[in-house]
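Novice: After the structure tokens below, expect a handful of questions from me.
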Amino acid sequence: MKKKKYFHLLFFILVGEFYFFGGCSHQTDFFCKTEILEFKLPDYPHNTHPTLLNWNIISINKDGKTIYKIPATAESFTLELNKNQPTAIICQPVSKLNELNNEGSVFFHPAGCVYPAEEKITWHGGFVAELLESLINGQNCEMDSCGEKYISLFNWKKFSNNIHQRYVNALEKGQIFSPWCINKEKILLAISSGKFNVYSIKEEKYSTKEFSIQKINDKEMNFDESTKIYSKFLLQPVINCRIQENKLIFTLPYTNPQNSYTINPENIFLYKNQLIKLLWNKNNQVTLAITEIEQ
């Protein structure tokens, strides 16, 4: 009987030494509190969009935030994460938006995912990861000890699949869809209070109201088919913008602003070295705001 006890003790000592000196792996990490995972980056549309300079990789959980850069040529990256702790993985593409923008800028929405629910980085997953980031930071939500519990219990994978399916359904119908047009504040409150349901996902309604641009900074523009206008969601071509008689004509999503003016994330477009912001107020009027991109 004593021999059997000594054998068990020796076994656990040897196993413990193996994990201590050998480190943790994704396959055999029973005794580990962290795990090292490899994430594959999504495809960036190099042929149609501004030059990609690098990626900002951000991981956020309740214990803190880490940020580091990886080159544009990278296809994947690795992170050491606390096992089973909800963590937002955000991948920001840093692009050279014009000839003078050598350091690059973050204009496009990020890709991402929420660990441990998913380990696949997607473009729509960037919205899901940013939701978790907002919850962790206590933005627009009722975050307390109960809220932290709801974050852990929330079905992030099912939610992410729901967002992706909405994009697929819209694409099949030739409609516009970006996850960033969903009412984010309503979702944050629903998750943090444990009251989330399918009706919490409310998309902004799209209007047929059109707004045209012919001048930029009082300068007459000659827009033609070679004019490149980019929306912030990389999977969405700017199908709510067309060129007609040297004018840019936008169809704007209605945002039902609480204040006099609002900026919907999908009402911001990139044109050369300028950001075109289309503001829609309560009186159903559109105001144009144009800002230069910082070099």
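The values are calculated or read from the model by the stated rules, or taken from the named source; none is laboratory data. Nothing here was measured: the structure is a model prediction, and the numbers come from that model. Glycine also receives a Cβ, built like all others from the backbone with ideal geometry; neighbour counts cover every protein chain displayed. Keep in mind that these areas ignore ligands, DNA and RNA; they rest on the heavy atoms of the full protein, side chains included. Shrake-Rupley method; radii C 1.70, N 1.55, O 1.52, S 1.80 Å.
Novice: Going by the conditions given, is Thr34 over 17 Å from Leu81 (Cα atoms) and modelled with pLDDT of 90 or more? Show your work before the answer.
Specialist: On the way: over 17 Å from Leu81 (Cα atoms): no; modelled with pLDDT of 90 or more: yes.
Criteria not met by Thr34.
Novice: Every residue in the range 155-193 that is touching a residue at least 12 places away in the same chain (Cβ under 8 Å) and closer than 17 Å to Asn137 by Cα, please.
Specialist: Lys184, Glu185, Lys186, Ile187, Leu188, Leu189, Ile191, Ser192, Ser193
Novice: Got a sec? Which of Lys149, Lys173, Lys157 is open to solvent by 60 Å² or more (accessible area, probe 1.4 Å) and either within 18 Å of Thr122 (Cβ to Cβ) or under 15 Å from the mean Cα position of the chain (by Cα) (or both)?
Specialist: It is Lys157.
Novice: Okay, next question. Among the residues of the range 186-213, write down those that are surrounded by fewer than 13 Cβ atoms within 10 Å (Cβ to Cβ) and either touching a Cys at 6+ places or on another chain (Cβ under 7 Å) or modelled with pLDDT of 85 or more (or both).
Specialist: Scanning the range 186-213 gives a single hit, Lys195.
Novice: All but one of (1) of a type outside the set (Gly, Ala, Ser); (2) at pLDDT below 90; (3) within 13 Å of Pro86 (Cβ to Cβ); (4) in contact with an Asp or Glu (Cβ under 9 Å, 6 or more places away or on another chain) hold for Leu153, so report the exception by its number.
Specialist: Tallying (1) of a type outside the set (Gly, Ala, Ser); (2) at pLDDT below 90; (3) within 13 Å of Pro86 (Cβ to Cβ); (4) in contact with an Asp or Glu (Cβ under 9 Å, 6 or more places away or on another chain), Leu153 fails exactly one: (4).
Novice: Could you grab me the full set of residues in the range 150-192 that are touching a helix residue (DSSP H, G or I) at 6+ places or on another chain (Cβ under 8 Å), of a type in the set (Gly, Ala, Ser) and not in a helix (DSSP H, G or I)?
Specialist: Answer for the range 150-192, where residues must be touching a helix residue (DSSP H, G or I) at 6+ places or on another chain (Cβ under 8 Å), of a type in the set (Gly, Ala, Ser) and not in a helix (DSSP H, G or I): just Ser178.
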